[in-house]
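The values are calculated or read from the model by the stated rules, or taken from the named source; none is laboratory data. Since the structure is predicted, the reported quantities are computational estimates derived from the model, not experimental observations. Heads up, the Cβs are rebuilt from the backbone with ideal geometry, glycines too, and the neighbour counts pull from every protein chain shown. For accessibility, only protein heavy atoms count, side chains too; no ligands or nucleic acids. Shrake-Rupley method; radii C 1.70, N 1.55, O 1.52, S 1.80 Å.
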Amino acid sequence: MSFINRLADFQMDVLKEVGNIGAGHAATALSTLLNKPVDMSVPAVKIVSFEEISASVGGPEQPVVAVFLRVDGECSGSLFLLFAETSARVLMNLLLNKEEGGEGEFTEMELSVLLEIGNILAGSYLSSLSELTGIQLSPSVPSLAIDMAGAILSFGVLSYGEMGDQALFIDTVFLEGGHQLEGSFFFIPDPHTFSHLFQALGVPGL
Amino acid sequence: MKVLIKVGMADLNVAGREESLRSTGLGSCVGVALFDPRVKVAGLAHVMLPQSSIAVGKEINKAKFADTAIPELIRLMQEKGAKAECMVGKLAGGSQMFTLGNREDTIRIGPRNVETCKAILQQYGIPITAEDTGGNYGRTIELDGSTGILHIRSVQHGSREI
């Protein structure tokens with residue numbers, strides 16, 4: 001048993017609020033980009049075995065479009081923005097004012113648009129988190145992958161490997177008004193950063 | 001139809017000739033597939049990190065680290081009648097899913113996993129007959145318990161057998 005299993009309810013609520021504020025700002029940014037309303041779910045804080053981390057996006061083999069940023073600094077962790085391929089296509093069509101369709105592989109142009117969208121959304125997630133906590137966050141350059149969810153997300157849980165077989169992540173789903181477009185944020189704080197995070201937010205730590 | 005045994009992340013298992021072993025969504029993790037063709041005993045470990053020395057706490061999950069998973073896998077296969085000197089090994093996975101400028105250390109975990117697995121197999125004198133490692137893509141692998149053939153599937157690069 002590691003400490004993540006001993007988090008109190010109020011600490012879980014604080015982490016939910018982190019997801020709420022981060023994804024809320026990102027959803028607003030997306031709404032502005034698309035000029036359409038964007039809804040979001042109540043964030044979920046999940047503590048699951050490594051194998052189950054991809055369960056909420058369709059299992060380890062499910063192909064997903066992922067933008068990944070590694071966050072360094074006092075609050076380090078991994079931030080993933082995930083879309084199903086169909087949703088990424090819808091996003092593309094909405095942004096580029098295309099009617100329908102788009103088949104097969106994404107073009108270079110589309111890939112760089114996806115990466116930039118990821119960059120903007122992840123940027124708003126992290127900057128709101130930074131404002132909230134007063135912690136300086138230094139994100140890496142974003143990186144894009146279209147691959148199996150398990151292969152992608154496993155990268156974010158490596159730092160949990162030292163201390164147990166479970167990881168904690170904050171999952172927030174957002175939906176475009178017509179619900180044609182769905183994406184999710186997975187924020188996986190590194191295990192050693194929780195005490196900093198709680199301290200910065202003024203709640204009793206671990 | 002063979003009985004399919006699932007091997008999760010940081011997990012390992014062994015199979016006989018009527019079974020096959022499957023690990024899904026390997027990224028930087030490495031699938032270590034061992035096979036004793038003489039008695040048709042197969043073993044698969046889904047290794048996440050190279051060294052158990054970084055582990056905190058007393059109880060560790062042996063399957064998680066290359067340096068503890070491989071000896072444990074060999075031990076379990078020996079219980080089923082396999083011999084280490086008859087075993088052959090295959091490796092798959094160990095990719096580098098993302099490239100992030102100069103932050104090489106964590107990023108290089110895939111290649112480091114592969115290097116460590118190779119070094120440990122060498123200590124046991126187990127030859128690596130085939131590998132499909134590295135790259136920047138995920139893999140799903142399935143080890144046939146009767147032939148030792150490792151079937152590899154990926155989203156970007158199709159399927160192959162080694």
(request) Identify all residues within the stretch A:72-84 that are within 11 Å of another protein chain (Cβ to nearest Cβ) and in contact with a strand residue (DSSP E or B) (Cβ under 6 Å, 6 or more places away or on another chain); write none if there are none. (result) A:Asp72, A:Ser78, A:Phe80
(request) Would you be able to tell me the number of residues in the stretch A:141-175 that are open to solvent by less than 20 Å² (accessible area, probe 1.4 Å) and either part of a strand (DSSP E or B) or away from chain B (no Cβ under 14 Å) (or both)? (result) 11
(request) Report the residue count in the stretch A:42-89 for those that are open to solvent by less than 40 Å² (accessible area, probe 1.4 Å) and at pLDDT below 85. (result) 3
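Matching residues to (1) among the β-branched types (Val, Ile, Thr); (2) within 13 Å of the chain's Cα centre (by Cα); (3) within 11 Å of chain A (Cβ to nearest Cβ):
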{"position": "B:Ile109", "(1), (2), (3)": "yes, no, yes"}
{"position": "B:Glu131", "(1), (2), (3)": "no, yes, no"}
{"position": "B:Gly135", "(1), (2), (3)": "no, no, yes"}
{"position": "B:Glu142", "(1), (2), (3)": "no, yes, no"}
(message) Looking at the stretch B:13-36, can you tell me whether even one residue there is of a type in the set (Val, Ile, Thr), over 18 Å from B:Ile128 (Cβ atoms), touching a residue at least 12 places away in the same chain (Cβ under 8 Å) and within 14 Å of chain A (Cβ to nearest Cβ)?
(response) yes
(request) Considering only the stretch A:167-196, state which residues are more than 18 Å from A:Ser124 (Cα to Cα) and hydrophobic (A, V, I, L, M, F, W, C). (result) A:Ala167, A:Leu168, A:Phe169, A:Leu181, A:Phe194
(request) Evaluate the following for A:Ser138: is it open to solvent by 20 Å² or more (accessible area, probe 1.4 Å), within 12 Å of chain B (Cβ to nearest Cβ), farther than 23 Å from A:Lys16 by Cβ and not aliphatic (A, V, I, L, M)? (result) yes
(message) I'd like to check something: does the stretch A:94-102 contain any residue that is at pLDDT 85 or above, more than 20 Å from B:Gln96 (Cβ to Cβ), in contact with a Leu (Cβ under 7 Å, 6 or more places away or on another chain) and open to solvent by 10 Å² or more (accessible area, probe 1.4 Å)?
(response) no
(request) Considering every residue within the stretch B:68-85, establish whether at least one is out of contact with any helix residue (DSSP H, G or I) (no Cβ under 9 Å at 6 or more places or on another chain), within 13 Å of chain A (Cβ to nearest Cβ) and of a type outside the set (Lys, Arg). (result) no
(request) Sort out which residues of the stretch B:134-147 are under 11 Å from B:Val30 (Cα atoms) and surrounded by fewer than 21 Cβ atoms within 10 Å (Cβ to Cβ), and write them in order of number. (result) B:Gly134
(message) Just to check your reading of the model, which residue among B:Glu59, B:Glu115, B:Glu72, B:Glu85 is touching a Lys or Arg at 6+ places or on another chain (Cβ under 7 Å) and surrounded by fewer than 23 Cβ atoms within 10 Å (Cβ to Cβ)?
(response) B:Glu72
